[in-house]
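J.: One structure, pasted below without further comment.
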Amino acid sequence: MSEGLEIDLLEGVGPVTKQKLGNAGVYDIIDLASRGMSDISDMLGGDNEKASELINKARNYLIEKGLLTKEFIPASELYKFRLQIERISTGSKNLDNLLDGGIESGAVTELYGEFGSGKTQICCTLAVIAQLPKEQGGVNGGVIYLDTENTFRPERIAEIAKARGLDAEKLLEGITVAKAYNSSHQELILKELGKFIETAKVKLIVVDSVVSHYRADYLGRGTLAERQQRLNSFMHQLLRLAEIYNVAVVVTNQVQAAPDFFFGDPTRATGGHVVAHLTTYRIYLRKSSKMRIARMVDSPYHAEKEALFIINEKGVDDPPEERKK
Ligand code: GTP
Ligand code: MG
């Protein structure tokens with residue numbers, strides 16, 4: 001729990017409310033502000049009005065303390081806020097340039113592309129580099145790796161660390177792996193994250209992949225709207241976590257060839273528009289023989305350009321001819 005951010009510092013919050021929230025695992029104002037309305041409402045026995053009032057109070061409190069940006073802000077303040085952003089290197093100078101220095105804290109970055117395009121490899125490399133000091137491209141932080149596809153391999157982390165001359169064991173200790181078995185479980189894990197972020201000084205959260213369980217759980221059920229709504233709420237909560245705790249969030253999303261798609265790009269992100277509208281940055285990855293190409297899509301801060309990188313024993317790396325430069 002964050003000291004000085006106890007729930008009952010909020011005006012009008014008494015011991016009963018504090019107890020109810022505490023019973024459900026919400027102990028401080030940061031955690032309260034990061035929750036969704038329906039979540040808090042459930043904890044208060046279905047009182048929607050009170051829930052939304054509480055969340056607003058929590059958000060306003062954090063805004064006053066300078067821990068959160070408000071909806072309407074002078075550009076100068078926004079600029080200051082953006083100066084606080086920390087960046088995690090991807091391991092490739094090319095890819096870092098595309099991202100203006102690396103993956104941003106306080107934002108969600110979506111990596112999307114077909115199978116084998118390098119999504120998981122980028123996540124693994126980031127999980128190593130995030131833990132390093134700033135001079136080495138990191139942010140000195142812990143990592144949470146939410147693995148929904150059972151593709152997280154500690155041996156690969158060890159290999160990447162060793163190839164970079166780093167202490168593999170220590171770096172493996174800095175990564176907390178959460179395996180989600182289905183979409184409900186994935187949502188449950190997300191709700192538990194707030195506490196972990198503080199105790200393990202987490203600076204990077206990876207969700208690999210964000211959509212696969214939703215796709216599987218709603219397969220053939222004809223309930224696309226419900227699926228999108230739940231995915232929407234999951235993404236919203238991730239964004240709130242990123243903003244409130246100033247952590248970098250990276251999600252992956254596999255694109256599939258859509259048989260009913262006759263125009264534009266034949267591959268599209270499976271989350272459909274929900275993921276696209278909520279993530280702050282989107283990077284489209286594709287294969288080109290041994291190379292990988294990354295393209296920044298729809299970013300308010302970056303030029304739409306492309307970068308070449310490769311995957312080798314170091315995880316993500318620059319193509320050999322680029323490294324000589
Ligand atoms: P899906 O999860 O199937 O959608 O694919 P992805 O985009 O996550 O692909 P991933 O990052 O797992 O793999 C991309 C490529 O990295 C693979 O095609 C391999 O060429 C390479 N790769 C994967 N694992 C290793 C490894 O342990 N060592 C090396 N050197 N390369 C690897
Ligand atoms: Mg993968």
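The values are calculated or read from the model by the stated rules, or taken from the named source; none is laboratory data. No experiment lies behind these values; they were computed from the predicted model shown. We place every Cβ from the backbone using ideal geometry, glycine too, and count neighbours over all the protein chains shown. Each accessible area value is taken on the protein alone, full model and side chains, heavy atoms only, with ligands, DNA and RNA left out. Shrake-Rupley method; radii C 1.70, N 1.55, O 1.52, S 1.80 Å.
J.: Can you name every one of the helices (runs of 4 or more DSSP H) wholly within region 94-203 that holds 2 or more residues which are surrounded by 22 or more Cβ atoms within 10 Å (Cβ to Cβ) and at pLDDT 95 or above?
T.: Ranges flagged: 119-129, 154-163.
J.: Could you tell me whether region 158-171 includes any residue that is within 15 Å of the chain's Cα centre (by Cα) and either closer than 21 Å to Gln121 by Cβ or more than 16 Å from ligand 1 (Cβ to nearest atom) (or both)?
T.: No.
J.: Kindly indicate the residue of region 217-234 that is open to solvent by 60 Å² or more (accessible area, probe 1.4 Å) and either in contact with an Asp or Glu (Cβ under 7 Å, 6 or more places away or on another chain) or at pLDDT below 85 (or both) and also nearest to Phe152 (Cα to Cα) among those meeting that condition.
T.: So, considering only residues that are open to solvent by 60 Å² or more (accessible area, probe 1.4 Å) and either in contact with an Asp or Glu (Cβ under 7 Å, 6 or more places away or on another chain) or at pLDDT below 85 (or both), the one nearest to Phe152 (Cα to Cα) is Leu219.
J.: Return yes or no: is Gly142 within 16 Å of Val250 (Cβ to Cβ), of a type in the set (Gly, Ala, Ser), touching a helix residue (DSSP H, G or I) at 6+ places or on another chain (Cβ under 7 Å) and more than 15 Å from ligand 2 (Cβ to nearest atom)?
T.: no
J.: Answer yes or no: is there a residue in region 246-261 that is modelled with pLDDT of 85 or more, under 27 Å from Ser38 (Cα atoms) and in a loop (DSSP other than H, G, I, E, B).
T.: Yes, region 246-261 contains at least one residue that is modelled with pLDDT of 85 or more, under 27 Å from Ser38 (Cα atoms) and in a loop (DSSP other than H, G, I, E, B).
J.: How many of the residues making up region 1-20 are more than 23 Å from the chain's Cα centre (by Cα) and in contact (Cβ under 8 Å) with a residue 24 or more places away in the chain?
T.: 9
J.: Can we say Ile283 is within 16 Å of ligand 1 (Cβ to nearest atom) and either at pLDDT below 60 or open to solvent by 10 Å² or more (accessible area, probe 1.4 Å) (or both)?
T.: no
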